[in-house]
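> This is the structure, below, for whatever I ask next.
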Amino acid sequence: AISSVHAREIIDSRGNPTVEVDVVLADGTRGRAAVPSGASTGTREAVELRDGDPGRYHGKGVRRAVEAVNTEIAAALKGHDATDQAGADRVLIELDGTADKSRLGANATLGVSLALVRAAAGSAGQPLYRYLGGADATLLPMPLMNIVNGGAHADNPLDFQEFMIVPVGAGTFAEAVRMGSEVFHALRGALRAAGQNTNVGDEGGFAPDLRTAEEALTFVTEAIAATGYRPGADVAIALDPAASEFYQGGRYLHRDPGEHVAYLAGLVDAFPIVSIEDGVAQDDHAGWVALTRAIGGRCQLVGDDVFCTNEALLRQGIADGVGNAILIKVNQIGTLTETLATVGTARAAGYRVVMSHRSGETEDTTIADLAVATGCGQIKTGSLSRSDRTAKYNQLIRIEEELGERATLDPYLRVRV
Ligand code: PGA
Ligand code: ZN
């Protein structure tokens with residue numbers, strides 16, 4: 001049973017405050033979780049409660065969310081059966097009482113929800129991935145590694161937010177990390193040779209002064225080849241344009257929606273791209289349907305802002321033919337139980353599932369375990385630099401080692417190329 005729930009204000013990878021929660025059980029086991037935070041957030045995400053007090057952290061303090069955990073939530077959950085995650089999450093949802101968790105804050109509810117499952121797993125003497133996924137949880141996710149940052153994650157001119165490499169030719173997760181690291185360093189060398197800076201953005205990818213997606217894609221493709229890998233066959237590319245960020249007045253900068261869809265299709269023809277996330281904006285419903293019709297048969301199309309890890313939004317999207325995959329971000333919805341329900345709905349509909357970090361992260365590695373527990377098949381958690389990103393990859397290396405011969409790396413994107 002839950003004996004105490006305690007939250008504190010810590011800082012994330014951007015130096016902004018966030019919520020960390022400790023749940024302690026009657027047997028003395030402690031579970032701890034820290035909450036991530038996005039920069040290019042979807043409009044229908046659950047609400048991240050910030051204090052708005054300009055005297056602290058430029059208004060970004062999370063004392064109200066911390067206070068909600070330490071008073072109302074702690075009182076409501078004291079004595080609750082730690083193995084009843086769904087029941088505890090229901091208590092959080094009902095206590096909050098809003099559709100978007102704006103009263104207590106999704107940062108409060110998520111911290112508690114994840115700390116609880118960590119405590120329960122610890123109490124059961126099991127690693128989190130096995131506690132949640134059972135003995136059959138042996139599928140490691142293919143990593144989508146973000147090695148060029150733009151958009152809201154860097155101060156360079158690139159409109160597209162993320163250029164990721166996907167080591168589809170890897171046989172194991174550890175090999176995928178090695179291949180990713182090798183390409184990352186080859187890219188650094190190529191950027192330097194071209195007189196570009198090699199500073200990194202929020203997710204640890206380079207943030208060079210490039211103007212167009214084609215230039216970035218050319219650098220990445222050449223870095224793959226320079227490392228000795230076949231672009232597409234060994235290491236493929238994934239994009240997250242995060243198009244909601246540059247959709248204004250019904251246009252994508254200098255293109256209308258039809259031209260923009262054709263432009264993306266052209267990029268898929270010209271470069272070894274196997275996945276595009278948020279290629280069009282969250283409010284451009286017709287654009288999503290058009291993009292899915294145009295290239296959904298030959299490219300994974302991942303909905304992030306358009307679904308917000310929200311089961312109802314996903315169901316609507318499935319019915320309408322929006323994309324063929326979903327990005328899963330635990331803080332977009334605010335409890336573990338709702339996250340797992342959305343994953344289940346996606347898979348039942350044949351949608352692919354990509355577990356994801358946020359651009360603001362901490363040392364917390366829960367999403368690595370969730371990717372294996374759900375067997376979702378893919379994870380995106382940034383570049384091959386910065387500990388907030390590599391912590392997740394390193395945790396997956398450990399899980400793969402622990403699973404030994406039983407571990408397999410998801411082959412889906414490999415088969416497609
Ligand atoms: P965010 O970016 O965490 O800043 O929202 C990640 C993404 O858009 O996938
Ligand atoms: Zn995204």
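> Could you give me the residue pairs with C-beta distances under 6 Å whose first residue belongs to the range 46-65 and is without any contact (Cβ under 8 Å) to a residue 40 or more places away in the chain, whose second residue is assigned to a loop (DSSP other than H, G, I, E, B) wherever it lies, and which are 6+ apart or on separate chains?
Arg50/Lys60; Asp51/Gly61; Asp53/Gly61; Gly59/Gly52
> Across the range 53-91, which residue is surrounded by the fewest Cβ atoms within 10 Å (Cβ to Cβ) among those that are of a type in the set (D, E, K, R) and touching a helix residue (DSSP H, G or I) at 6+ places or on another chain (Cβ under 8 Å)?
The first filter runs over the range 53-91 and keeps only residues of a type in the set (D, E, K, R), leaving 53, 56, 60, 63-64, 67, 72, 78, 81, 84, 89-90.
If we keep only those that are touching a helix residue (DSSP H, G or I) at 6+ places or on another chain (Cβ under 8 Å) as well, we get 53, 56, 72, 81, 89-90.
Details: Asp53: 13, Arg56: 14, Glu72: 16, Asp81: 11, Asp89: 24, Arg90: 13.
The selected residue is Asp81.
> Follow-up. How many residues does the range 179-196 hold that are within 21 Å of the chain's Cα centre (by Cα) and either part of a loop (DSSP other than H, G, I, E, B) or not hydrophobic (A, V, I, L, M, F, W, C) (or both)? First the steps, then the outcome.
Start the filter on the range 179-196 by keeping residues that are within 21 Å of the chain's Cα centre (by Cα), which leaves 179-181, 184.
Within this subset, residues satisfying the condition of being either part of a loop (DSSP other than H, G, I, E, B) or not hydrophobic (A, V, I, L, M, F, W, C) (or both) are 180-181.
Matching residues across the range 179-196 total 2.
Residues are listed down the side, and each one gets a yes or a no for (1) out of contact with any Asp or Glu (no Cβ under 6 Å at 6 or more places or on another chain); (2) within 15 Å of ligand 2 (Cβ to nearest atom); (3) of a type in the set (D, E, K, R):
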{"site": "Ala223", "(1), (2), (3)": "yes, no, no"}
{"site": "Val261", "(1), (2), (3)": "yes, no, no"}
{"site": "Leu264", "(1), (2), (3)": "yes, yes, no"}
{"site": "Gln282", "(1), (2), (3)": "no, yes, no"}
{"site": "Leu301", "(1), (2), (3)": "yes, yes, no"}
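> Sticking with this structure for a sec: What tally of residues in the range 354-369 results from selecting those that are outside any loop (DSSP other than H, G, I, E, B) and not hydrophobic (A, V, I, L, M, F, W, C)?
We begin by selecting, within the range 354-369, every residue outside any loop (DSSP other than H, G, I, E, B); these are 354-356, 360, 366-369.
Restricting the remaining residues to those that are not hydrophobic (A, V, I, L, M, F, W, C) gives 356, 360, 366, 369.
Residues in the range 354-369 being outside any loop (DSSP other than H, G, I, E, B) and not hydrophobic (A, V, I, L, M, F, W, C): 4 in total.
> Quick check on the range 178-195. Is at least one of its residues touching a strand residue (DSSP E or B) at 6+ places or on another chain (Cβ under 7 Å), closer than 22 Å to Gly404 by Cβ, crowded, with 19+ Cβ neighbours inside 10 Å and at pLDDT 95 or above?
Within the range 178-195, one or more residues are touching a strand residue (DSSP E or B) at 6+ places or on another chain (Cβ under 7 Å), closer than 22 Å to Gly404 by Cβ, crowded, with 19+ Cβ neighbours inside 10 Å and at pLDDT 95 or above.
> May I ask you to list pairs of residues, at least six apart or on different chains, whose Cβ atoms are under 9 Å apart, with the first in the range 254-271 being farther than 11 Å from Ala294 by Cα and the second being among the polar types (S, T, N, Q) and modelled with pLDDT of 95 or more?
From residues that are farther than 11 Å from Ala294 by Cα, the pairs are Phe271/Thr218; Phe271/Thr221.
> Can you list residue pairs whose Cβ atoms sit under 8 Å apart, with the first residue in the range 288-305 being at negative phi and free of Cβ contacts under 8 Å to residues at least 60 places away in the same chain and the second being polar (S, T, N, Q) and in a loop (DSSP other than H, G, I, E, B)? Count only pairs 6 or more apart in sequence or on different chains.
Note: pairs meeting the criteria are Thr292/Asn324; Gly296/Asn324; Leu301/Asn324.
> Within the range 317-339, take every residue that is away from ligand 1 (no atom under 13 Å from the Cβ) and not in a helix (DSSP H, G or I) and give me the one that is surrounded by the fewest Cβ atoms within 10 Å (Cβ to Cβ).
Taking the candidates together, the pick is Gly321.
> Of these, Met164, Met142, which one is within 21 Å of Lys329 (Cα to Cα) and in contact with a helix residue (DSSP H, G or I) (Cβ under 8 Å, 6 or more places away or on another chain)?
Numbers: Met164 fails: in contact with a helix residue (DSSP H, G or I) (Cβ under 8 Å, 6 or more places away or on another chain).
Step by step, each of Met164, Met142 is checked, and only Met142 is within 21 Å of Lys329 (Cα to Cα) and in contact with a helix residue (DSSP H, G or I) (Cβ under 8 Å, 6 or more places away or on another chain).
> So which of Val372, Val354 ends up being surrounded by 24 or more Cβ atoms within 10 Å (Cβ to Cβ), within 16 Å of ligand 1 (Cβ to nearest atom) and hydrophobic (A, V, I, L, M, F, W, C)? Before the answer, list the steps.
Values: Val372 fails: within 16 Å of ligand 1 (Cβ to nearest atom).
Val354 is the lone residue from the list that is surrounded by 24 or more Cβ atoms within 10 Å (Cβ to Cβ), within 16 Å of ligand 1 (Cβ to nearest atom) and hydrophobic (A, V, I, L, M, F, W, C).
> Evaluate the following for Thr43: is it within 16 Å of ligand 2 (Cβ to nearest atom), more than 21 Å from Met355 (Cβ to Cβ) and surrounded by fewer than 24 Cβ atoms within 10 Å (Cβ to Cβ)? Quick ask: steps written out before the conclusion?
Details: within 16 Å of ligand 2 (Cβ to nearest atom): yes; more than 21 Å from Met355 (Cβ to Cβ): yes; surrounded by fewer than 24 Cβ atoms within 10 Å (Cβ to Cβ): yes.
When the stated conditions are applied, Thr43 passes them.
> Sticking with this one: Please return the ranges of helices (runs of 4 or more DSSP H) entirely within the range 197-306 where 1 or more residues are within 16 Å of ligand 1 (Cβ to nearest atom) and closer than 20 Å to Ala39 by Cβ. Break it down stepwise before answering.
Numbers: elements: 213-226, 257-270, 285-295.
Filter on the range 197-306 gives 213-226.
> I'm trying to understand the selection: among the residues of the range 132-186, which are among the charged types (D, E, K, R) and within 14 Å of ligand 1 (Cβ to nearest atom)? Even if it seems obvious, please write down each step before you answer.
First, pick out the residues of the range 132-186 that are among the charged types (D, E, K, R): 136, 155, 159, 162, 175, 178, 182.
Result: Asp159, Glu162.
> Separate question: Among the residues of the range 119-173, count how many are of a type outside the set (Asp, Glu), touching a residue at least 60 places away in the same chain (Cβ under 8 Å), within 16 Å of ligand 2 (Cβ to nearest atom) and outside any strand (DSSP E or B).
Count: 6.
> Follow-up question, since we're still on this one. In the list Ala238, Ala242, which residue meets the criterion of being at positive phi and either crowded, with 18+ Cβ neighbours inside 10 Å or among the acidic types (Asp, Glu) (or both)?
Ala242
> Considering only residues that are buried (at least 18 other Cβ atoms within 10 Å of the Cβ), touching a strand residue (DSSP E or B) at 6+ places or on another chain (Cβ under 9 Å) and β-branched (Val, Ile, Thr), which ones fall in the range 375-416?
Passing the criteria: Ile379, Thr381, Ile399.
> Condition first: among the hydroxyl-bearing types (Ser, Thr, Tyr) and more than 26 Å from His58 (Cβ to Cβ). Now tell me which residues in the range 4-29 satisfy that.
Of all residues in the range 4-29, those among the hydroxyl-bearing types (Ser, Thr, Tyr) come to 4, 13, 18, 29.
Matches in the range 4-29: Ser4, Thr29.
> Turning to a different aspect of this structure: Answer with yes or no whether Glu222 is surrounded by fewer than 23 Cβ atoms within 10 Å (Cβ to Cβ), within 30 Å of Ala176 (Cβ to Cβ) and touching a Ser or Thr at 6+ places or on another chain (Cβ under 8 Å).
Working: surrounded by fewer than 23 Cβ atoms within 10 Å (Cβ to Cβ): yes; within 30 Å of Ala176 (Cβ to Cβ): yes; touching a Ser or Thr at 6+ places or on another chain (Cβ under 8 Å): no.
No; evaluated as a whole, the condition is false for this residue.
> Can I ask one more? Among the numbered criteria (1) more than 18 Å from Gln332 (Cα to Cα); (2) touching a strand residue (DSSP E or B) at 6+ places or on another chain (Cβ under 6 Å), which single criterion is violated by Ala65?
Ala65 satisfies every listed condition except (1).
The values are calculated or read from the model by the stated rules, or taken from the named source; none is laboratory data. Since the model is a prediction, treat every value here as computed from it, not as a measurement. Neighbour counts run over all protein chains shown; Cβ positions are idealised from the backbone, glycine included.
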